[in-house]
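> If you scroll down you'll find the structure; I have some questions about it.
All of the numbers you see were taken from the coordinates with simple rules; none came from a lab. Quick caveat, the model's predicted, so the values are computed rather than measured. All Cβ positions, glycine included, derive from the backbone under ideal geometry; neighbour counts span all protein chains shown.
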Amino acid sequence: MDLQTIVDAQVAKMKMEEFEKKPIRVLGEVILLLEAQPKKNTVKLDFTNEIPTSLHSYRGYYEDLSLDYSPNVQPMIVSQLLQLFKDADGKTFSGYKGDNFTMYRRTLVWVAKYGDTGRMLTDIQSKDGITIISTQEDED
């Protein structure tokens, strides 16, 4: 094992220990939360009227996953979003500045536009026929 591999492993361990203390969800949890929602509900974000659209490598930590959003697209329903997240498990995404990153069920999930940093995905709940993705700023 070379020195870079050892350093990368230590940095990844320290990051996971830091984020275990925060309310951010991992891909596997997001899938479980979405599976518990009514499949035909429209999905909304808690901080904007823009609509969830796609997944990409997160700009803040390329090895993490991010849910993108846009103002001028058709509303997404739970079953569509659930499929996006299920398809991301084991899928390789290109990082913002290059390299490839494979996402797994233990991958942290953020909500951010492509190329931007964003908010931690913290919960998913339904109310009145709408499924709301709750987020929170990362204070650190």
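> Taking residue 91 as meeting all but one of (1) touching an Asp or Glu at 6+ places or on another chain (Cβ under 8 Å); (2) under 30 Å from residue 8 (Cβ atoms), write down the number of the exception.
Among (1) touching an Asp or Glu at 6+ places or on another chain (Cβ under 8 Å); (2) under 30 Å from residue 8 (Cβ atoms), residue 91 violates only (1).
> Still on this structure, I have one more. In segment 24-72, which residue that is of a type in the set (Ser, Thr, Tyr), part of a loop (DSSP other than H, G, I, E, B) and touching a residue at least 24 places away in the same chain (Cβ under 8 Å) is surrounded by the most Cβ atoms within 10 Å (Cβ to Cβ)? Even if it seems obvious, please write down each step before you answer.
Here is the first cut: in segment 24-72, the ones of a type in the set (Ser, Thr, Tyr) are 42, 48, 53-54, 57-58, 61-62, 66, 69-70.
Retained after the next criterion (residues that are part of a loop (DSSP other than H, G, I, E, B)): 48, 58, 61-62.
Those still in the list that are touching a residue at least 24 places away in the same chain (Cβ under 8 Å) too: 58, 61-62.
Numbers: 58: 27, 61: 18, 62: 18.
That would be 58.
> Would you be able to say whether some residue in segment 79-91 is part of a strand (DSSP E or B) and either of a type in the set (A, V, I, L, M, F, W, C) or without any contact (Cβ under 8 Å) to a residue 24 or more places away in the chain (or both)? Quick ask: steps written out before the conclusion?
The first filter runs over segment 79-91 and keeps only residues part of a strand (DSSP E or B), leaving none.
No: zero hits.
> Next up: Go through segment 104-132 and count every residue that is hydroxyl-bearing (Ser, Thr, Tyr) and either closer than 17 Å to residue 76 by Cβ or in a strand (DSSP E or B) (or both).
Initial filter on segment 104-132 (hydroxyl-bearing (Ser, Thr, Tyr)): 104, 107, 114, 117, 122, 126, 131.
So of that shortlist, the ones also either closer than 17 Å to residue 76 by Cβ or in a strand (DSSP E or B) (or both) come out as 114, 122, 126, 131.
Total meeting the criteria: 4.
> Within segment 109-121, is there a residue that is without any contact (Cβ under 8 Å) to a residue 12 or more places away in the chain, surrounded by fewer than 15 Cβ atoms within 10 Å (Cβ to Cβ) and not small (Gly, Ala, Ser)?
Taking segment 109-121 first, the residues without any contact (Cβ under 8 Å) to a residue 12 or more places away in the chain are none.
Looking through segment 109-121, none of the residues is without any contact (Cβ under 8 Å) to a residue 12 or more places away in the chain, surrounded by fewer than 15 Cβ atoms within 10 Å (Cβ to Cβ) and not small (Gly, Ala, Ser).
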